[in-house]
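**Student:** Have a look at the structure that comes next, please.
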Amino acid sequence: MNRGELAHRLAARIAGGEDGILGIMLVRLQRLQEFRLVHGYAASDAVGEAAFARIRDLLRPVDEVVHVAENEFIALLPNLRDSQHAMLAAARVVRAFEEAVAVGRHSVLAPVAVGISLHPDHGGDPDTLLRRAELALRDAKRSTDRCALFTPGTERMAVPYESLHDALRNNLLEAHFEPILDLRDNVVGGYESLARWTASELGPVRPDVFIRLAEETGLIAELTRWSLNTSLRHAAQVRACGVPAHVSINISPRVFGQRDIVAQVTSALSVWEMPAADVTLEVTESALMEDPVASMRLLERLREAGLGIAIDDFGAGYSSLAYLKQFPATELKIDRGFVTDMRDDQRSARVVRSIIDLGHHLDVSVVAEGVEDVETLQILRALGCDRAQGYHIGRAEPAAAMVDRLRAIA
Ligand code: C2E
Ligand code: CA
Ligand code: CA
């Protein structure tokens, strides 16, 4: 379950008007990232699961625990007598993690910090309560008790850079998967991975906003590493459920200059055991045009490693056809603007038709994005477009939830 779903549950409990005090307990494992760097994702996921079980076993049957992020858990504690009662539960969790968590051959000492907020004292809505539990957790990290209750008056609006930095460090971004329909056989053959971020202080932040912030501040290197690993991990999990999914991952041109970028991609592929042929990297046309020669060289190396390359937002930039012919692309993605307008605007429809023809002449497949109605889909099919995505086909959904769903029916 992710934070969004948790917020819904919390809202339902608040609306249900349960008696007494409701505690929101945020538990964060402190050394999981270090552990992951040494032992890998599979081992750190196992530690996360063991930690989840440990917390659940400690609490009362009426308490609800949710694993919201790699190293983070939230427990809802209904019907507390008073704030002392909540702090007692928190102290119990802290003590339990003074003992190492053992998984397989590994044993890891993963101390926790615990922050608590209380309904109704500290807020009347999920956002405020979760934010205040987060603030309490910051205090907890500094305290020798390792747990803390929210103290009114400690709030301060974090600047976005700090929030994003923190979110990346604590793995608070989420990958959502948007289905891509294959128009030849009418099945969903793959997904585009899209980053989502709900900042604890600000609520949901749009991807174009935080991607730009990351690009401007250098956090893009870390965001790219996160995106590659998270997208590949979830794609591998989907495939393990018997769904032969392809995954498309957006890559910012700002990381093209990084010397180790190709190695980073190939090592992520091998960590998650994803075949390169089932992964496409999407780069926008305008990004490619900023430095066509350098882009081409990098894309060639990625192509040699077996990955697909999509030119995203095609038609919105201004690629010269001379370059286009030389780019080692495997796919053109028609810019959403043309697709959205094509039903009512002849000019857009003609542009879409020419892009499809151009793509096929260059021997690359063509994907239309932003398909919002059945008429548009029918026109695209008639024009010979290869694949399509958009609200009409399906909205992006949290990849973790998709995996849970598939596992339940597998
Ligand atoms: P994009 O790669 O062009 O992604 C498609 C955008 O169109 C997504 O917006 C998606 O939610 C939206 N969309 C999908 N279907 C429809 C539809 O039928 N109608 C309309 N109106 N919109 C639709 P989103 O998720 O807000 O992403 C915005 C941009 O942020 C993306 O544009 C991509 O360039 C960038 N981005 C997202 N995730 C990542 C990431 O992990 N890494 C990098 N570098 N960039 C990312
Ligand atoms: Ca894209
Ligand atoms: Ca696009």
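The values are calculated or read from the model by the stated rules, or taken from the named source; none is laboratory data. Predicted, not measured: the structure shown is a model, and the values here were computed from it. Every residue, glycine as well, gets a Cβ built from its backbone with ideal geometry; the counts of neighbours run over all protein chains shown.
**Student:** Which one of these is charged (D, E, K, R), under 27 Å from Lys325 (Cβ atoms) and at pLDDT 90 or above: Glu290, Glu285, Glu304, Glu273?
**Tutor:** Glu304
**Student:** If you don't mind, there's one more thing I want to ask. Considering every residue within region 366-375, establish whether at least one is in contact (Cβ under 8 Å) with a residue 12 or more places away in the chain, loosely packed, with under 15 Cβ neighbours inside 10 Å and over 29 Å from the mean Cα position of the chain (by Cα). It would help to see each step written out before you state the result.
**Tutor:** At the first step, the residues of region 366-375 found to be in contact (Cβ under 8 Å) with a residue 12 or more places away in the chain are 366-375.
From what is left, the residues that are loosely packed, with under 15 Cβ neighbours inside 10 Å are 373-375.
Subset that is over 29 Å from the mean Cα position of the chain (by Cα): 375.
Taking every residue of region 366-375 in turn, at least one turns out to be in contact (Cβ under 8 Å) with a residue 12 or more places away in the chain, loosely packed, with under 15 Cβ neighbours inside 10 Å and over 29 Å from the mean Cα position of the chain (by Cα).
**Student:** Find all pairs meeting these conditions: Cβ atoms under 6 angstrom apart; at least six residues apart or on different chains; first residue within region 171-198 and closer than 20 Å to Val279 by Cβ and within 12 Å of ligand 1 (Cβ to nearest atom); second residue of a type in the set (Lys, Arg) and in a strand (DSSP E or B).
**Tutor:** Correct list of pairs: Glu174/Arg196; His176/Arg196; Ile180/Arg387.
**Student:** Filter region 258-311 for residues that are within 16 Å of ligand 1 (Cβ to nearest atom), under 25 Å from Ile180 (Cα atoms) and among the polar types (S, T, N, Q) and give the result.
**Tutor:** Passing the criteria: Thr280, Thr284, Ser286.
**Student:** Scan region 328-358 residue by residue and report those that are within 16 Å of ligand 2 (Cβ to nearest atom), of a type in the set (Gly, Ala, Ser) and buried (at least 17 other Cβ atoms within 10 Å of the Cβ).
**Tutor:** Within region 328-358, just Ala329 meets the criteria.
**Student:** Which of the residues that make up region 259-281 are more than 12 Å from Tyr191 (Cβ to Cβ), assigned to a helix (DSSP H, G or I) and touching a residue at least 12 places away in the same chain (Cβ under 8 Å)? Can you show your working first?
**Tutor:** Step one: of region 259-281, the residues more than 12 Å from Tyr191 (Cβ to Cβ) are 259-277, 281.
Subsequent filtering for residues that are assigned to a helix (DSSP H, G or I) retains 261-271, 276-277.
Across region 259-281, the qualifying residues are Ile261, Val262, Gln264, Val265, Thr266, Ala268, Leu269, Val271, Ala276, Ala277.
**Student:** Got a sec? Which strands (runs of 3 or more DSSP E) wholly within region 185-258 have at least 1 residues that are surrounded by fewer than 19 Cβ atoms within 10 Å (Cβ to Cβ)?
**Tutor:** 187-199, 203-205
**Student:** Another question about this same structure. Output the number of the condition that Glu331 fails; it satisfies all remaining conditions of (1) without any contact (Cβ under 8 Å) to a residue 24 or more places away in the chain; (2) of a type outside the set (S, T, N, Q); (3) touching a Ser or Thr at 6+ places or on another chain (Cβ under 6 Å).
**Tutor:** With respect to (1) without any contact (Cβ under 8 Å) to a residue 24 or more places away in the chain; (2) of a type outside the set (S, T, N, Q); (3) touching a Ser or Thr at 6+ places or on another chain (Cβ under 6 Å), Glu331 is out only on (1).
**Student:** Would you mind stating whether Glu174 is touching a Pro at 6+ places or on another chain (Cβ under 7 Å) and either away from ligand 3 (no atom under 16 Å from the Cβ) or on the phi > 0 side of the Ramachandran plot (or both)?
**Tutor:** Against the criterion (touching a Pro at 6+ places or on another chain (Cβ under 7 Å) and either away from ligand 3 (no atom under 16 Å from the Cβ) or on the phi > 0 side of the Ramachandran plot (or both)), Glu174 qualifies.
**Student:** Continuing with the same structure: Being within 16 Å of ligand 3 (Cβ to nearest atom) and in contact with a helix residue (DSSP H, G or I) (Cβ under 7 Å, 6 or more places away or on another chain): is that true of Ile309 here?
**Tutor:** Details: within 16 Å of ligand 3 (Cβ to nearest atom): yes; in contact with a helix residue (DSSP H, G or I) (Cβ under 7 Å, 6 or more places away or on another chain): yes.
So Ile309 passes the test.
**Student:** OK, next. When region 169-184 is examined, which residues are found to be part of a helix (DSSP H, G or I) and either aromatic (Phe, Trp, Tyr) or in contact with a strand residue (DSSP E or B) (Cβ under 9 Å, 6 or more places away or on another chain) (or both)?
**Tutor:** Within region 169-184, none qualify.
**Student:** Restricting attention to region 188-220, which residues are hydrophobic (A, V, I, L, M, F, W, C), modelled with pLDDT of 95 or more and over 15 Å from the mean Cα position of the chain (by Cα)?
**Tutor:** Val188
**Student:** Between Val112, Val101, Val65, which is β-branched (Val, Ile, Thr), under 26 Å from the mean Cα position of the chain (by Cα) and over 15 Å from Leu22 (Cβ atoms)?
**Tutor:** Step by step, each of Val112, Val101, Val65 is checked, and only Val112 is β-branched (Val, Ile, Thr), under 26 Å from the mean Cα position of the chain (by Cα) and over 15 Å from Leu22 (Cβ atoms).
**Student:** Looking at Glu375, Glu369, Glu397, which is the one that is more than 10 Å from ligand 1 (Cβ to nearest atom) and closer than 26 Å to Ala175 by Cβ?
**Tutor:** Details: Glu375 fails: closer than 26 Å to Ala175 by Cβ; Glu369 fails: more than 10 Å from ligand 1 (Cβ to nearest atom).
On inspection, the qualifying residue turns out to be Glu397.
**Student:** Give the residue that is nearest to ligand 2 (Cβ to nearest atom), with candidates limited to residues of region 199-253 that are among the acidic types (Asp, Glu) and within 14 Å of Pro160 (Cβ to Cβ).
**Tutor:** So, considering only residues that are among the acidic types (Asp, Glu) and within 14 Å of Pro160 (Cβ to Cβ), the one nearest to ligand 2 (Cβ to nearest atom) is Asp208.
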